[in-house]
Amino acid sequence: MLGACQPVQQITNQPANSSPAATASPAATATPSLSSAGNGPFTMPLLDALLDDEDFLADAKSSIKLSDEETRKLRAAADEAISQLDERSPDRRPMRESSETAKAKVRQILGTERGDRLISLVQQKWSGEAAEAPNAVPTDTRIVVNIPAFRMDVFDQGKLRKTYRIGIGYPEFPLPIGTRKAKEIIINPSWTPPDEPWVKGKVHPHEKVEAGSKLNPLGVIKIPIGGPSLIHGGKSPDKIGGFASHGCVGLTNQQVEDLTVQISQLAGKALSLEEIRKYEKEKTETKTIDIPHDLTVELRYETIVVENGTLKIFRDVYERGTNTEENLRRVLAVYGVSLDQLNEPTRNKVLASLAEMDTDAQGNPVDVSAGNQNSIANKSNSTNQEVKVTSKIKGKKEINIAIAQLSGKGYPAPFGVNISASSKR
């Protein structure tokens, strides 16, 4: 499984109070996302998580004829790879090298043809469904997470109610893409560490860590969103706006308390901050609050965003190859703007910014082409070295460009932003 995040169920929706209306995107024909399954992430932690998913495993056994012995070998390879990930050692190699090494190992176990089919199955499972159009503004009640923007929005019947700055999963433990559900809020969650090589130190696999313990990474509240992913507290403010987890949306305790207030109001089961903190005082008593209707949680990976008249280009931190001119033109076209119509200085600035943000977290150019896979994999396999989890982003995370033709258009600007405050009270 992926880290502190544990598989769980789903959440809900219902109307609530007012907030500024989002500026709706123009009608657009649904277009397949450029960050499709073929360009999606593939890492050993992802494979390891999905091999614990009964539905995925059944699908793999049926479609790829995956045997029990091959499953055992894949688990062993994933465990070995994860055991080499270290959050403390210096950076050693780009994320894409790790990805190609993982693919090479799968092909070694299953053969090229069946290995590629399993890789594709993993990418499809983790990539989920793309939004119907770039930068789509919801018309319903839902939570929208844009991963490379480190941003989470709560919408109430198409109106932006609250924005949160978040921490995201390390590239080696990426957040999934697509639409999910959740149906409960858990106050004072306990944590049972998974049997994974990264679980080190004072905690041991399968030994329950009680709610309120300083060794519990989930903080005061967790909100399951399906699979091994959660939205949860416990993060220090310096982790917000960066990599922070093994596959979860990370918040400080103060942020997740505020989010709980917002969600409970939307669900028609309002909780005040005072009530939440009253529950939290009983540190060893876990309180599960069921929510009566499903609330959609949509996880996006959009590195090119038109926001309130401004073109924003984010770093391609998961190396999905989304910062391309083709994708840029596709986004601009939603708002009736052509790249060729921009004046030359603006167009040059946009293209230069796109190239600058077409880099991974360490500043290396993103290359999703297949041409160099073998050389990368061979290079990576030649040294059985410990590999650092990519914990920091070097350089700019985003570039903002005001474009006159986009004035008044796009996804809404952040509203009522809850950045961090303190993780302790």
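The values are calculated or read from the model by the stated rules, or taken from the named source; none is laboratory data. Quick caveat, the model's predicted, so the values are computed rather than measured. Reconstructed Cβ throughout: ideal geometry from the backbone, glycine too, with neighbour counts over all protein chains shown.
Go through segment 292-331 residue by residue and tally those that are closer than 28 Å to G241 by Cβ and modelled with pLDDT under 90.
Result for segment 292-331: 1.
Look through segment 45-65, keep the residues that are of a type outside the set (D, E) and outside any helix (DSSP H, G or I), and return whichever of them is surrounded by the most Cβ atoms within 10 Å (Cβ to Cβ).
Applying the filter and picking the extreme gives I64.
Could you check segment 244-256 and list, in sequence order, the residues that are of a type outside the set (G, A, S) and crowded, with 24+ Cβ neighbours inside 10 Å?
Answer for segment 244-256, where residues must be of a type outside the set (G, A, S) and crowded, with 24+ Cβ neighbours inside 10 Å: H246, C248, V249, L251, T252, Q255, V256.
Among the numbered criteria (1) part of a loop (DSSP other than H, G, I, E, B); (2) surrounded by fewer than 21 Cβ atoms within 10 Å (Cβ to Cβ); (3) modelled with pLDDT of 95 or more, which single criterion is violated by E285?
Condition (3) is where E285 drops out.
Criterion first (free of Cβ contacts under 8 Å to residues at least 24 places away in the same chain and farther than 26 Å from K125 by Cβ) does D238 satisfy it? Please lay out each step first, then the result.
Numbers: free of Cβ contacts under 8 Å to residues at least 24 places away in the same chain: yes; farther than 26 Å from K125 by Cβ: yes.
Yes, satisfied.
Per-residue answers, yes or no, for (1) modelled with pLDDT of 90 or more; (2) in contact with a Gly (Cβ under 8 Å, 6 or more places away or on another chain); (3) over 26 Å from D360 (Cα atoms); (4) among the charged types (D, E, K, R):
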{"position": "E70", "(1), (2), (3), (4)": "yes, no, yes, yes"}
{"position": "K73", "(1), (2), (3), (4)": "yes, no, yes, yes"}
{"position": "D86", "(1), (2), (3), (4)": "no, no, no, yes"}
{"position": "A104", "(1), (2), (3), (4)": "yes, no, no, no"}
{"position": "L110", "(1), (2), (3), (4)": "yes, no, yes, no"}
{"position": "Q123", "(1), (2), (3), (4)": "no, yes, no, no"}
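Per-residue answers, yes or no, for (1) among the hydrophobic types (A, V, I, L, M, F, W, C); (2) exposed (fewer than 15 other Cβ atoms within 10 Å of the Cβ); (3) at pLDDT 80 or above:
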residue: D358; (1), (2), (3): no, no, yes
residue: V368; (1), (2), (3): yes, no, no
residue: E386; (1), (2), (3): no, yes, no
residue: G395; (1), (2), (3): no, yes, yes
residue: A404; (1), (2), (3): yes, yes, yes
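What's the number of the condition T322 fails, among (1) of a type outside the set (A, V, I, L, M); (2) assigned to a strand (DSSP E or B); (3) surrounded by 20 or more Cβ atoms within 10 Å (Cβ to Cβ)?
Here T322 clears every test but (2).
Kindly check whether there is at least one residue in segment 150-164 that is at pLDDT 95 or above, within 18 Å of T322 (Cα to Cα), buried (at least 20 other Cβ atoms within 10 Å of the Cβ) and assigned by TED's automatic domain parsing to the domain that holds G247.
Yes: one or more hits.
How many of the residues in segment 252-288 are small (G, A, S) and without any contact (Cβ under 8 Å) to a residue 24 or more places away in the chain?
Looking only at segment 252-288, we keep the residues that are small (G, A, S), and these are 264, 267-268, 270, 272.
Checking which are without any contact (Cβ under 8 Å) to a residue 24 or more places away in the chain leaves us with 270, 272.
Going through segment 252-288 one residue at a time, the tally reaches 2.
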